[in-house]
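The values are calculated or read from the model by the stated rules, or taken from the named source; none is laboratory data. Treat the numbers as computed from the prediction; the structure is a model and nothing was measured. Glycine gets a Cβ as well: all are built from the backbone with ideal geometry, and neighbour counts include every protein chain shown. Each accessible area value is taken on the protein alone, full model and side chains, heavy atoms only, with ligands, DNA and RNA left out. Shrake-Rupley method; radii C 1.70, N 1.55, O 1.52, S 1.80 Å.
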Amino acid sequence: ENGELDFYQVNLALRDIRAEARLLDNGFVLESSARAGKGRIDANAELTWRGGQPYGELTLRGNDLLMIDVPEARISASPNLRFKVAGRDLAATGTVNIPEARIVPADLTGATLTSADETLVGAEPRDPQSSFRVSSNLRLTLGDRVTLDSFGLSGRLAGALNVVTSADGVNRGSGELGIAEGKYAALGRRLDIERGRLIFSGGLLGDPGVDLRATKEFPDVKAGVNVRGTLREPRMTFFSEPSLPQSQVVSLILAGGTLETAQSSNIASSGRDAILAQGGAILAQQLGQRIGIEDVGIEQNLANETSLVFGKYLSSRLYVSYGVSLAEAINTLKLRYSINDRWTLRTEAGKEASAEIVYTVEKN
């Protein structure tokens, strides 16, 4: 009664443990319950011994249990599991619902998986006769409060997976997870995910396939990336609406600006200036993230005047930007209001004041 048990590797704390065991001639029957976080867990088992080895079953049911609470992950789960014990073989089946999780894995860039024949010099050899061989086949369902931030991809995940773990500890998955309300980091920018999927087709759980489209809205133009491949080795292609050459799309994502500055980038700056502008844009993005404004960039006009520009959509139709010249004591305020899909009102106040109405015609 009133027991406590801590698993420090995952920071799992079981409290208010109650357990009752009834001994049999060659085994026992166990009934137990405990609290983990806000939820409770019930575990029942019936085991017998044959030739010194355990045989039997264990069931585990819980609701909203805080299972992992470490810097890399905080996961609550509602499991309904069945464990079959046959000697040194332990097989788990069942379902796990994850209503809430925050997953931020450590940076594994450059890391590699160990080979099956890895040997640690000086380590005590593992006795296969005294350790359990654990395998599992579980159905994992995600709730609406599961978030991931890894390899430049951040957002809310939804969907379901079948996760299979072999006795050698390798985790493989099959199924599909959708990415909602997410961001993807490309070329120093955090782009909005319009469509995103993580596809598991029986490969390693930590490296699923990726099908992702992420965009960034600039005045008069939308630029973005399509990502294919795997999460650890993505392949990116660039696009824009209206269409621009790939080099101009990359420059736009890196340095920000407008459709006019993107189309005139080859005239307005040399290769050296473009590299300096792109480097400055990455630093500007870091500054913007610190002050809470994501749309920060370096812009150059036709006169080769460079400005640090802060921009933000105040509504779905109204975009406001404020530019600070890096060479002169001139500040520029620009407003862009989309009346509808074709008509746009633009104003500018700074070194010069202007206003214009733009009518857009799209060609298929």
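Brief remarks on what is shown
- Candidates Arg232, Arg195, Arg172, Arg190 - the one that is assigned to a loop (DSSP other than H, G, I, E, B), open to solvent by 20 Å² or more (accessible area, probe 1.4 Å) and either among the basic types (Lys, Arg) or at positive phi (or both): Arg232
For (1) open to solvent by 40 Å² or more (accessible area, probe 1.4 Å); (2) within 13 Å of the chain's Cα centre (by Cα); (3) within 29 Å of Met236 (Cα to Cα), each residue gets a yes or a no:
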position: Thr147; (1), (2), (3): yes, yes, yes
position: Leu153; (1), (2), (3): no, yes, yes
position: Arg156; (1), (2), (3): yes, yes, yes
position: Thr165; (1), (2), (3): no, no, no
position: Gly178; (1), (2), (3): no, yes, yes
position: Lys183; (1), (2), (3): yes, yes, yes
position: Ala186; (1), (2), (3): no, no, yes
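- Test: residue in segment 81-89 that is open to solvent by 60 Å² or more (accessible area, probe 1.4 Å) and under 28 Å from Asp149 (Cα atoms): no
- Subset tally (residues that are in contact with a Phe, Trp or Tyr (Cβ under 9 Å, 6 or more places away or on another chain) and part of a strand (DSSP E or B)) for segment 4-51: 10
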